[in-house]
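The structure appears right after this line, and notes come after that.
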Amino acid sequence: MMSTKFQLLLTTASRQVGWLQVCGIRYFPPPPNYDNIVIPERQKLRVMERVPALPSNIKPPKMQKRLRYMRGEEEVHNFLLHKQYGIMALSGGRIKYGHFEMMRLTIGRKIDTDRMFAIWRVDSPWQPMTKKGQGHRMGGGKGAIDHYVTPVKAKRIILEVGGKCEYAEVKDFLHDIAMKLPFKAMAVSQEILDEMKAKEEWEEKNNLNRYTLKYIIQNNMGGCHNYLSPTDLKWFGKYV
């Protein structure tokens, strides 16, 4: 004869459990309003010239390195015109024609031209870079022009992407482009730029260490002016 516990177990196992689906309460925020955004006539990036156009009677001039074009902080083109998204340089460097093509082709494939657009914020390559052929002896004057570049400084906006889109839609391919550039860069939005500026001001205001590098250089502590470069005297070691 089966025990009472075993009979109870069989009764419980054969019992069917009924499920009742109930509608839950969900809250979805309203989508952002893009009524103030105007899509320009040209949505994709234009092709940059590999060589600057010069009159036929002018010989292409050569140029020194002029590292001052890359040192320090960008003071003019350091904000987003359309207040949306873009790529910002974190250090100085030079952009070649191949990098311009990489950015143009990548963005041309990724953006939806019906509701997005992209614009350049830098000039086409204009600074000549000279190079001597392999195996040449020293001397003989400056080498021939090999290619042209565009120098940029830290905090320079390189390009902008805007339109009826959110940052999550453009963040990935902007980050991929920034990682392929020959200098440190990052994808930014207007909110990110505002947060970076507010953080920098807060750190400068609430710094408990009085002896910052700026204070040390300005007061020539330890005779540091004897071995500091003019760049350090101007930017206080912030930019190389």
So, first residue charged (D, E, K, R) and surrounded by 10 or more Cβ atoms within 10 Å (Cβ to Cβ) in the range 200-216, second residue part of a loop (DSSP other than H, G, I, E, B) and modelled with pLDDT under 95, Cβ within less than 9 Å, six or more apart or across chains; the pairs are Glu204/Thr212; Lys214/Phe236; Lys214/Gly237; Lys214/Lys238
State whether one or more residues within the range 182-200 are farther than 26 Å from Arg94 by Cβ, in contact with a Phe, Trp or Tyr (Cβ under 8 Å, 6 or more places away or on another chain), outside the structural domain of Ala89 (by TED's automatic domain parsing) and among the basic types (Lys, Arg). no
Considering only residues that are part of a helix (DSSP H, G or I) and under 16 Å from Arg156 (Cα atoms), which ones fall in the range 176-224? Ile177, Ala178, Met179, Gln190, Ile192, Leu193, Asp194, Met196, Lys197
Go through the range 46-88 and count every residue that is over 26 Å from Asp194 (Cα atoms) and part of a loop (DSSP other than H, G, I, E, B). 21
Residue ID - nearest to Gln84 (Cα to Cα), chosen from residues in the range 225-237 that are free of Cβ contacts under 8 Å to residues at least 60 places away in the same chain and assigned to a helix (DSSP H, G or I): Asp232
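Can you confirm whether Leu228 is surrounded by 13 or more Cβ atoms within 10 Å (Cβ to Cβ), at negative phi and of a type in the set (A, V, I, L, M, F, W, C)? Steps first, please.
Details: surrounded by 13 or more Cβ atoms within 10 Å (Cβ to Cβ): yes; at negative phi: yes; of a type in the set (A, V, I, L, M, F, W, C): yes.
Yes, satisfied.
In this structure, does Phe173 turn out to be surrounded by 11 or more Cβ atoms within 10 Å (Cβ to Cβ), among the aromatic types (Phe, Trp, Tyr) and not in a loop (DSSP other than H, G, I, E, B)? Break it down stepwise before answering.
Working: surrounded by 11 or more Cβ atoms within 10 Å (Cβ to Cβ): yes; among the aromatic types (Phe, Trp, Tyr): yes; not in a loop (DSSP other than H, G, I, E, B): yes.
It is true that Phe173 is surrounded by 11 or more Cβ atoms within 10 Å (Cβ to Cβ), among the aromatic types (Phe, Trp, Tyr) and not in a loop (DSSP other than H, G, I, E, B).
Looking at this structure, is Thr130 under 16 Å from Val51 (Cα atoms), among the β-branched types (Val, Ile, Thr) and not in a helix (DSSP H, G or I)?
Values: under 16 Å from Val51 (Cα atoms): yes; among the β-branched types (Val, Ile, Thr): yes; not in a helix (DSSP H, G or I): yes.
The answer is yes for Thr130.
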Please name all residue pairs, on different chains or six or more residues apart, with Cβ atoms under 9 Å, provided the first residue is in the range 115-138 and is free of Cβ contacts under 8 Å to residues at least 60 places away in the same chain and crowded, with 17+ Cβ neighbours inside 10 Å and the second residue is in a loop (DSSP other than H, G, I, E, B) and not hydrophobic (A, V, I, L, M, F, W, C). Arg121/His77; Arg121/Arg156; Val122/His77; Val122/Arg156
Just for the range 89-113: of the residues that are in a loop (DSSP other than H, G, I, E, B) and not β-branched (Val, Ile, Thr), which one is farthest from Pro125 (Cα to Cα)? Asp112
So, of the residues in the range 139-168 that are without any contact (Cβ under 8 Å) to a residue 40 or more places away in the chain and either touching a strand residue (DSSP E or B) at 6+ places or on another chain (Cβ under 8 Å) or farther than 24 Å from Val38 by Cα (or both), which turns out to be surrounded by the fewest Cβ atoms within 10 Å (Cβ to Cβ)? Gly139
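Of the residues in the range 133-167, how many are in a strand (DSSP E or B) and under 15 Å from Met88 (Cα atoms)?
Keep residues of the range 133-167 that are in a strand (DSSP E or B), which gives 144-152, 154, 157-163.
So of that shortlist, the ones also under 15 Å from Met88 (Cα atoms) come out as 150-152, 154, 157-162.
Within the range 133-167, residues that are in a strand (DSSP E or B) and under 15 Å from Met88 (Cα atoms) number 10.
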Is one or more of the residues making up the range 170-190 at negative phi, out of contact with any helix residue (DSSP H, G or I) (no Cβ under 7 Å at 6 or more places or on another chain) and polar (S, T, N, Q)? yes
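The values are calculated or read from the model by the stated rules, or taken from the named source; none is laboratory data. Since this is a predicted model, take the numbers as computed values, not measurements. Every residue, glycine among them, receives a Cβ derived from its backbone with ideal geometry; neighbour counts consider all protein chains shown.
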